[in-house]
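Asker: Supplied in structure tokens, the structure appears directly below.
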Amino acid sequence: AGRADSGGRVAAGGEGEPPASEPPVASVSAREAGVSLAVDSWDKGWGTALRAEVSGVPAGSRCSLVAVGQDGTREIAASWVVPGNGYGGNGALTVDGAVGLRSGDVDHFAVVTADGLTLVTVAATSSS
């Protein structure tokens, strides 16, 4: 299970954590209707490790970070509930997660609420 600290960070722990010393294979971000999502991804032998920063999600929202494959496959990388007083600190949540999809097979990432509302999406690779 993940652990949260007072800075709004959730980490899964263990071998799947994104390596701080390795640059990510992709760093992408987007903002839609006041909700921001930034995702860094790292290739792993078993799939893709992710670190996401999310802000602007209303208090009390139950959310998931979803990776959507080019073939439409959907995998949940992480899930959380926004505290009643928000994320605190800088107003953002940093969450580590992982999916079995290879980074090259991911089309986009999305923050989705428990009732299926997509709050923000970002392409898995930069178009620049």
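Asker: Can you pull out every residue in segment 92-128 that is farther than 15 Å from residue 39 by Cα and assigned to a strand (DSSP E or B)?
Answerer: 113, 118
Asker: So in segment 15-31, with the set limited to residues that are farther than 10 Å from residue 96 by Cβ and open to solvent by less than 70 Å² (accessible area, probe 1.4 Å), which one is modelled with the lowest pLDDT? Show your work before the answer.
Answerer: Step one: list which residues in segment 15-31 are farther than 10 Å from residue 96 by Cβ, which gives 15, 19-31.
Those still in the list that are open to solvent by less than 70 Å² (accessible area, probe 1.4 Å) too: 19, 24, 26, 28, 30.
On the way: 19: 62, 24: 92, 26: 92, 28: 94, 30: 94.
That would be 19.
Asker: List the number of the failed condition for residue 111; all other conditions in (1) crowded, with 16+ Cβ neighbours inside 10 Å; (2) without any contact (Cβ under 8 Å) to a residue 60 or more places away in the chain; (3) under 10 Å from the mean Cα position of the chain (by Cα) hold.
Answerer: Unmet condition: (2).
Asker: When you check residue 67 against the structure, is it touching a His at 6+ places or on another chain (Cβ under 9 Å) and open to solvent by 20 Å² or more (accessible area, probe 1.4 Å), yes or no?
Answerer: Working: touching a His at 6+ places or on another chain (Cβ under 9 Å): yes; open to solvent by 20 Å² or more (accessible area, probe 1.4 Å): no.
Taking the combined requirement at face value, the residue does not satisfy it.
Asker: Which residues, counting only those in segment 32-84, are of a type in the set (Ser, Thr, Tyr) and either without any contact (Cβ under 8 Å) to a residue 40 or more places away in the chain or not in a loop (DSSP other than H, G, I, E, B) (or both)?
Answerer: So in segment 32-84, the residues of a type in the set (Ser, Thr, Tyr) come out as 36, 41, 48, 55, 61, 64, 73, 79.
36, 41, 48, 55, 64, 73, 79, listed by residue number.
Asker: Please work out if residue 82 is modelled with pLDDT of 95 or more and open to solvent by less than 40 Å² (accessible area, probe 1.4 Å).
Answerer: Numbers: modelled with pLDDT of 95 or more: no; open to solvent by less than 40 Å² (accessible area, probe 1.4 Å): yes.
Answer is no for this residue.
Asker: Which of (1) surrounded by fewer than 17 Cβ atoms within 10 Å (Cβ to Cβ); (2) among the hydrophobic types (A, V, I, L, M, F, W, C); (3) within 20 Å of residue 27 (Cβ to Cβ) does residue 76 not meet, given it meets every other one?
Answerer: Failing condition for residue 76: (3).
The values are calculated or read from the model by the stated rules, or taken from the named source; none is laboratory data. Every value quoted in this text rests on a predicted model; they were computed, and no experiment measured them. Note that each Cβ is placed from the backbone with ideal geometry, even for glycine, and that neighbours are counted across all protein chains shown. Side chains are part of the model used for accessible areas, which takes the heavy atoms of the whole protein and leaves out ligands, DNA and RNA. Shrake-Rupley method; radii C 1.70, N 1.55, O 1.52, S 1.80 Å.
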